[in-house]
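Q: Here you go, one structure.
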Amino acid sequence: MYQTRKPRGESSVTIIGAGIAGAWQALLFAQAGHDVTLHERGDASLTLSTSHWAGGMLAPWCETEVAEPVISRLGLRSLDLWRRELPDTAFNGSLVVAHARERADFERFAKMTLNHRRLDAADLAALEPSLEGRFREALFFADEGHVEPRRVLPKLHEKIIAAGGTIHFNSDVSASEVDGLVIDCRGLFARDAQPELRGVKGEMILIETGEVELRRPVRLIHPRWPLYVIPREKNLFMLGATSIETEDTGVSVRSALELLGAAYAVHPAFAEARILEFGSGLRPAFPDNLPRIAINGDSIAVNGLYRHGFLIAPALAELTLGFVARGQIDNEVMQCA
Ligand SMILES: Cc1cc2nc3c(=O)[nH]c(=O)nc-3n(C[C@H](O)[C@H](O)[C@H](O)COP(=O)(O)OP(=O)(O)OC[C@H]3O[C@@H](n4cnc5c(N)ncnc54)[C@H](O)[C@@H]3O)c2cc1C
């Protein structure tokens with residue numbers, strides 16, 4: 001899988017875009033002793049970035065239902081890097097449940113995925129007491145994790161600074177203005193350089209209730225989208241996510257009904273929850289929905305993270321660093337001009 005080229009060895013590195021891709025690149029390069037400057041055109045709240053809207057599930061085994069093996073490979077390595085850099089990352093596993101009418105889809109999901117354990121109703125109630133009596137069985141992916149994007153991105157930014165890096169918010173930069181090695185992590189905004197990128201809309205809803213307690217993401221088998229409920233701090237839950245081939249960023253009535261319906265199907269007490277936010281993000285995707293590290297002289301573009309940015313960004317950063325430091329090429333992910 002690996003070839004090598006002459007190492008490049010630049011010490012100064014400019015990274016454009018402080019979403020999840022750019023944040024991990026900046027962190028690993030700063031830790032490796034490079035002089036890192038990270039530019040982000042938005043402010044520190046990162047509401048301009050797709051990463052702000054994400055679920056933050058670190059679910060390489062659940063994703064094997066729909067994703068290529070390369071996503072599992074990058075995802076498994078990334079779990080180690082999340083553990084290493086942010087040891088308080090929640091690794092409570094994830095649950096997959098279905099109602100009786102989706103039974104066949106549930107069985108199909110079980111066959112398509114690995115590293116899960118079947119739970120009966122009693123096991124499920126022991127693991128998540130709020131779900132007592134709700135489902136006859138569930139799949140438990142014990143080794144999966146989740147992060148809260150709006151908390152974890154600032155933590156990564158702090159670690160970049162602690163490792164000696166510099167971050168400039170409200171700094172809209174173009175690769176042509178910068179000398180030396182540039183790592184372009186602009187997500188969907190990089191279409192001037194990578195016109196084949198497209199946006200795939202994901203809608204989400206944030207709700208609040210003290211009536212339900214969950215320790216891990218719960219996916220509900222659904223005929224069209226993997227709908228899920230993810231617990232956040234302070235009685236908040238994120239409901240996600242649709243996957244629609246459009247770059248309109250509104251949240252439709254139909255999607256809202258389906259997301260809220262999924263929450264209600266997981267637990268009827270969600271019906272009394274307060275709706276805090278409707279939102280959507282555009283997942284940056286190439287036509288094959290696979291990530292790419294495109295290397296062209298002094299410019300490296302890391303993009304196409306699609307629905308797996310949190311899952312695979314750490315491993316992509318490690319591969320980019322491996323190329324710059326040792327000339328190592330990963331044929332599955334890298335493209336050299
Ligand atoms: C609803 C939803 C749920 C999701 N759930 C999950 C999940 O559970 N797990 C998972 O792994 N993934 C999930 N994803 C996918 C994940 O969010 C994306 O893969 C990821 O956010 C892409 O990250 P990125 O850093 O490539 O792009 P972005 O997050 O968009 O970051 C790009 C950044 O570049 C900045 N920028 C652009 N142009 C410039 C410029 N000229 N100068 C400076 N800065 C610039 C932008 O402002 C932006 O902050 C989800 C996505 C959505 C929408």
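Readers should treat all values here as calculations from the given coordinates under stated rules, not as data from a laboratory. In this text, all values refer to a predicted model and were calculated from it rather than measured experimentally. Neighbour counts run over all protein chains shown; Cβ positions are idealised from the backbone, glycine included.
Q: Give me Rg over Rh for the stretch 32-76, both radii from the alpha carbons and Rh done the Kirkwood way, two decimal places. The partial results should precede the final answer.
A: Values: Rg = 15.2 Å, Rh = 13.5 Å.
With Rh from the inverse mean 1/r over Cα pairs, Rg/Rh is 1.13.
Q: If you don't mind, there's one more thing I want to ask. When the gyration tensor of the stretch 56-196 is built from Cα positions, what are the square roots of 5 times its three eigenvalues, in whole Å, from largest to smallest?
A: Values: eigenvalues 294, 74, 35 Å².
That gives 38, 19, 13 Å for the three semi-axes.
Q: How big is the stretch 190-300 on each of its three principal axes, counting only the C-alpha atoms and giving the largest first in Å?
A: The principal-axis extents, from largest down, are 55, 27, 24 Å.
Q: Also, quick follow-up: Let me know the Kirkwood hydrodynamic radius for the stretch 255-325, please, with Cα pairs as the basis and the value in Å to one decimal.
A: Numbers: mean 1/r = 0.0652 Å⁻¹.
Final number for the Kirkwood radius of the stretch 255-325 is 15.3 Å.
Q: Further question: In 5 Å bins starting at zero, report the fraction of Cα pairs in the stretch 86-150 per bin as a rounded %.
A: Histogram of Cα-Cα distances, whole percents per bin: 4, 17, 24, 22, 18, 10, 5, 1.
Q: Separation of the stretch 71-124 and the stretch 31-54 by C-alpha centroid, Å?
A: 28 Å
Q: Sticking with this structure for a sec: What is the stretch 79-225's relative contact order, in percent, from Cα pairs under 8 angstrom and six or more apart in sequence? Provide the component values of the computation, followed by the final result.
A: Numbers: 137 pairs, mean separation 54.1, N = 147.
Computed value for the stretch 79-225: 37 percent relative contact order.
Q: Then there is this: Compute the longest continuous run of the chain that contains no exposed trypsin sites (Lys or Arg not before Pro); treat a site as exposed when its DSSP state is not H, G, I, E or B and it has at most 16 other Cβ atoms within 10 Å. Let's see the in-between values first.
A: Working: sites that count: ARG5, ARG8, ARG136, ARG215, ARG224, LYS234.
The answer is 9-135.
Q: As a check on your grasp of the helix formula, calculate [θ] at 222 nm for the chain: sum -39500 (n - 2.57) over DSSP H runs of n ≥ 4, divide by the residue count, round to the nearest 500. Let's see the in-between values first.
A: Values: 7 runs with 92 residues, N = 337.
Using -39500 (n - 2.57) per qualifying helix, the result is -8500 deg cm²/dmol.
Q: Which aspartates and glutamates have a Cα lying under 14 Å from the Cα of LYS201, excluding residues fewer than 8 positions away in the same chain?
A: Answer for LYS201, where 14 Å is the Cα cut-off: GLU245, GLU247, ASP248, listed by chain and number.
Q: Same structure, new question: Once each part is reduced to its C-alpha centroid, what is the distance from the stretch 263-280 to the stretch 130-202 in angstrom?
A: Using only Cα atoms, the two centres lie 25 Å from each other.
Q: I'm a student and want to see the number: the projected area of the Cα convex hull of the chain, averaged over all directions, in nm².
A: Working: hull surface 64.8 nm².
Mean shadow area of the hull around the Cα atoms is 16.2 nm².
Q: Now a separate question. How big is the antiparallel share of DSSP beta bridges in the chain, given as a percent to the nearest 5? Provide the component values of the computation, followed by the final result.
A: Details: 42 of 63 bridges.
Given both bridge residues lie in the chain, the antiparallel proportion sits at roughly 65 percent.
Q: Which far-off residues, 5 or more places away or on another chain, put their amide H under 5 Å from the one on ASN92, with H placed in the peptide plane?
A: For ASN92, the qualifying residues are HIS146.
Q: Where the centre of each part is set by its Cα atoms, how far does the stretch 284-337 sit from the stretch 9-30, in angstrom?
A: Using only Cα atoms to place each centre, the spacing works out to 12 Å.
Q: Counting only C-alpha contacts under 8 Å and six or more residues apart, can you give the relative contact order of the chain as a whole percent?
A: The normalised contact order for the chain reaches 28 percent.
Q: Along each principal axis of its Cα atoms, how long is the stretch 234-296 end to end? Whole angstroms, biggest number first, please.
A: 53, 26, 19
Q: From the P(r) of the stretch 12-101, could you give the percentage of C-alpha pairs in the tail past 16 Å?
A: Details: 2670 of 4005 pairs.
For the stretch 12-101, the share of Cα pairs beyond 16 Å comes to 67 percent.
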